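The values are calculated or read from the model by the stated rules, or taken from the named source; none is laboratory data. On a predicted model such as this, the values are computed, not experimentally measured, just so you know. Positions of Cβ are generated from backbone atoms using ideal geometry, with glycine treated the same way; all protein chains shown enter the neighbour counts. Calculation scope for accessible area: heavy atoms of the full protein, side chains included, ligands and nucleic acids excluded. Shrake-Rupley method; radii C 1.70, N 1.55, O 1.52, S 1.80 Å.
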Amino acid sequence: MPTTLKDQAAIVGIGETEYSKNSGRSELSLASEACRAAIKDAGLTPADIDGMTTFTMDTSDEIEVARAVGVGDLTFYSRTPHGGGAAIGVMHQAVMAVATGSAKAVLVYRALNGRSGARYSEGVSGGPTTSDLIHWSWYMPSGLMTPASWVAMVTQRYMHETGCTSRDLAEVCLAQREHAVKNPRAFFYQKPLTLEEHQAARAIVEPLRLYDCCQETDGGSACVVVSPEMARDLPNPPAMIRSVAQAAGAHQESMTSFYRPTLTDLPEVDLVARQCWEMSGLGPEDIDAAVIYDAFSSIVLWQLESYGFCKKGQAADFIRDGALRLDGRLPTNTHGGQLSEAYVHGMNGVNEGVRLIRGTSSSQPAKNEHVLVTAGVGVPTSGMILGQI
Amino acid sequence: MAISGSEREAFEKQLEAYVGLDIGLEDIGKDRVNAAMVRHWCEAMGDSCGAYTDPALAAESVHGELVAPPTMLQAWILGGVGMASDESDPRDKQKELHRIFDAHGFSGVVATNTEQEYTRYLKMGDEIRARTVIEEISEQKATGLGIGYFINTRTTFRDQNDTEVGWLTFRVLKFEIAEVPVAAETAETGAPSRPQRLRPAMAHDNQWWWECVDKGELAIQRCSGCEALRHPPRPMCGECQSSEWDFVFSTGQGTVHSYVVIRHPEVPGYTYPLVVAVVDLEEGTRFVSNVVDVDPGDVEIGMAVQATIELVDDEMKLPVFRPA
């Protein structure tokens, strides 16, 4: 039995639906289509799949997807909570299953009608009385009910403490849009964005403006995780998982950790970063490109600090001269990210991480030995480092 | 209740006599078709067509001169502010018809649709007059507004040469206003008269706190084991694991630690832009709520604020902050 998750599994297949604002079909249909594509890309058949995992927020049950796709017996299935924080948490589950022999080939998926169906931008409200709803009840009466409002609260304090401005946030959006313009899957394919347009756009929740917020998308995204031995015999170059980790931090709330001694601290992201570096034996200097979770522009800056690409409070300086662009120090969100490609809860980012390792991104950096992929911020979260086999 | 039986028969026979009648008055335009009224109309409607307002462009157009927008047709004969007066010309058959409806309980009136047709463009200096005929009165209809009758009129517009330049039809519904007024109905069912804010879910761990708010107090949970204050409330102390607790009341004094100005989406029951702040209370815990009676642009981190507990809608009390 392995004592580390380092190099215990690889991503061998990726698949997705088209990304749109109105899919015209069920989330189960999107999930099934993404899964079928991922299995085909892996060079496997549905009968080879014996594990499945997704987000607690996904509405398509594993066994429903299994029946639709033609997957037979399952020896592993699981769910990961906390919205986008689960984006790499599901990978963590898949790697553990493969490493321990609980499953040989795990299908990871996420599909949602995020624009034509339930829109996260509309905020939280009623439902069964769970500890989760009690939690939201501290914010519903005053109207602090949407992801944008929760992230804006921390962003305001971060800008106050570091001197980061809205124009600095814009650089995240502009760099990613530059990538999306070249990506045919992206909503903003061939639609560039200027600093002036970013600054002139309406405020959603001050200090966040329209383009600081991710899209709402209908779509599905999936990948297949297998052992390195199995990966070697499959058609596509595998993306080895050098390290993968989850973490919740002290005084953690889901999106509203407003009571920590330092409001802008993200101990859970720091803890995922520490595990990723320790497990892989790598450091920030070894990372050639990144897929950094971007539900909002400001959270990209905070992660750059937590992962050690720059010092705390200095992310705006780090990116100001184009570090996130294709010829920069750390080409980031080369698919356009969730701001400009699509919002599939970070699972589209996993697929982009695999493309970067394969060398097939529409904005492919010259160097691609190691790629960092991260998950949601403000929630218990997760991250992984991908590498060449 | 709508009239019925012989009373209704007599009423409808009375109505029949009006079908086909000219209303007895001619509407004569108070002003000739003129550039000033056209310009005002175009500004109000956002119509920038040069043929209406730019003499040079109009001269080069197919019209060869300035013309009026066709949809202004009715504007040339409207009565102006005087239309709002209750007094009406006793010869006006249309008003007379409406009074008959009123007398039989059909006092509601609502315009439902209009159609227009234009024979030619009107030019500056044209003199417009119009006559109106009551074309049709429908049989009794049950509508969403109540039981009533549709009245169709047709107005024909002519110029100084008595040549027709266009017409419009106009349809109104005269209806019986529902007996139970809307306000009384909601009072009966207890439904609120305006959208309310989202209510907190209540359970063991937080209900006591909201009960304190209802009594006018901003409470802070206190561990009975180590006396640490904590918010939001939890059933166990994270410091010493004691499950025993009581609470203290906050003075409500604090400073803004961070804040947001919410502009989108606008949820019914809340007023936008909506300011929400994380406030450092002087007791050492934080509390999240609205900052009110302040220009959003004037809120800043470090600003001193004072909480008071007040109704934020018809029923819900909430501690909210104001600049201290």
Between segment B:129-172 and segment B:14-57, what's the alpha-carbon centroid distance in Å?
16
For segment B:207-323, with all protein chains present and a 1.4 Å probe, just round the carbon and sulfur fraction of the accessible area to a whole percent.
46
Positive minus negative residues near A:Val154 (Lys, Arg vs Asp, Glu; Cβ under 12 Å):
-1
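Taking a ≥ b ≥ c as the square roots of the eigenvalues of the Cα gyration tensor of chain A, is the shape rounded (a/c under 1.5), prolate (a/b larger than b/c) or oblate? It would help to have the intermediate numbers written out before the result.
Working: a/c = 1.44, a/b = 1.28, b/c = 1.12.
It comes out rounded by the Cα gyration axes.
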Please sort by residue number the GluC sites (Glu not before Pro) in segment B:235-324 whose DSSP state is loop and whose Cβ has at most 15 other Cβ atoms within 10 Å.
B:Glu239, B:Glu244, B:Glu266, B:Glu282, B:Glu300, B:Glu315
I want to check the label-to-label distance for B:Asp102 and B:Asp313. Put each point 7 Å from Cα in the C-beta direction and report it in nm to one decimal.
4.0
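How high is the FRET efficiency from A:Arg274 to B:His264, r the C-beta distance, R0 35 Å, rounded to 0.05?
Values: r = 37 Å, r/R0 = 1.05.
FRET efficiency, A:Arg274 to B:His264: 0.40.
Roughly how much accessible area, to the nearest 100 Å², goes out of reach of solvent when B and A pair up, both sides summed, probe 1.4 Å?
Buried area (both sides, nearest 100 Å²): 2900 Å².
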Euclidean distance of C-alpha centroids, segment B:65-101 and segment A:107-126, integer Å
54
Which is the longest part of chain A that has none of the trypsin sites (Lys or Arg not before Pro) sitting in a DSSP loop with at most 11 other Cβ atoms within 10 Å?
A:1-201
What part of the accessible area of chain A, given as a whole %, is carbon or sulfur when the probe is 1.4 angstrom?
51
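Does the protein assembly as shown classify as rounded, prolate or oblate by the C-alpha gyration tensor (a ≥ b ≥ c root eigenvalues; a/c under 1.5 gives rounded; else a/b over b/c gives prolate, otherwise oblate)? It would help to have the intermediate numbers written out before the result.
Working: a/c = 2.25, a/b = 1.78, b/c = 1.26.
The shape class here is prolate.
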Per-residue Cβ counts within 10 Å, from other chains only, averaged over B:311-324: what number is that?
1
FRET efficiency, A:Ser131 to B:Tyr272 (Cβ-Cβ, R0 25 Å, nearest 0.05):
0.25
At most 10 other Cβ atoms within 10 Å and a DSSP loop assignment: could you name the trypsin sites (Lys or Arg not before Pro) in segment B:74-178 that fit?
B:Arg91
With a 1.4 Å probe and every protein chain left in place, work out the accessible area per residue of segment A:111-195 in Å², rounded to a whole number.
38
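When the gyration tensor of chain B is built from Cα positions, what are the square roots of 5 times its three eigenvalues, in whole Å, from largest to smallest? Could the numbers behind the result be given before it?
Working: eigenvalues 854, 203, 37 Å².
Gyration-tensor ellipsoid for chain B: 65, 32, 14 Å.
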Work out, step by step, the length gained on full extension between B:Asp295 and B:Gln196: first 0.36 nm times the residue separation, then minus their alpha carbon distance; give nm to one decimal.
33.3 nm
Considering only Cα-Cα distances, which of the following residue pairs are longer than 22 Å: B:Lys95/B:Lys174; B:Lys30/B:Lys174; A:Lys312/A:Lys367?
B:Lys30/B:Lys174; A:Lys312/A:Lys367
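Work out, in µm²/s and without decimals, the Stokes-Einstein translational diffusion coefficient of segment A:229-380 at 10 °C, 1.306 mPa s, Rh from Kirkwood over C-alpha pairs.
Numbers: Rh = 16.0 Å.
Using the Kirkwood radius from Cα pairs, D works out to 99 µm²/s.
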Between A:Arg25 and A:Glu369, how many nm apart are label points set 7 Å from Cα along the C-beta direction?
4.3
Alpha-carbon centroids, segment A:188-223 and segment A:324-389: separation in whole Å
18
On full extension of the chain, what length is gained from A:Tyr189 through A:Glu161, given 0.36 nm per residue of separation minus the C-alpha to C-alpha distance?
6.5 nm
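Within segment B:207-323, what percent of beta bridges assigned by DSSP are antiparallel, to the nearest 5? It would help to have the intermediate numbers written out before the result.
Working: 30 of 31 bridges.
Bridges in segment B:207-323 are about 95 percent antiparallel.
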Between A:Glu64 and B:Arg322, with labels modelled 7 Å along Cα→Cβ, what's the label distance in nm to one decimal, could you check?
5.1
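Could you give the semi-axes, largest first, of the ellipsoid that matches segment B:207-323, computed as the square roots of 5 times the alpha carbon gyration tensor eigenvalues and rounded to whole Å? Don't skip to the answer; put the middle values down first.
Values: eigenvalues 149, 52, 31 Å².
Ellipsoid half-lengths, sorted descending, are 27, 16, 12 Å.
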Quick one: length gained pulling B:Ala17 to B:Met37 fully straight, 0.36 nm per residue minus the C-alpha distance?
3.3 nm
Cross-link partners among lysines for A:Lys191, C-alpha distance below 17 Å, same-chain residues fewer than 8 apart left out?
A:Lys21, A:Lys182
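Within 10 Å of each Cβ of B:272-283, how many other protein chain Cβ atoms are there on average?
3
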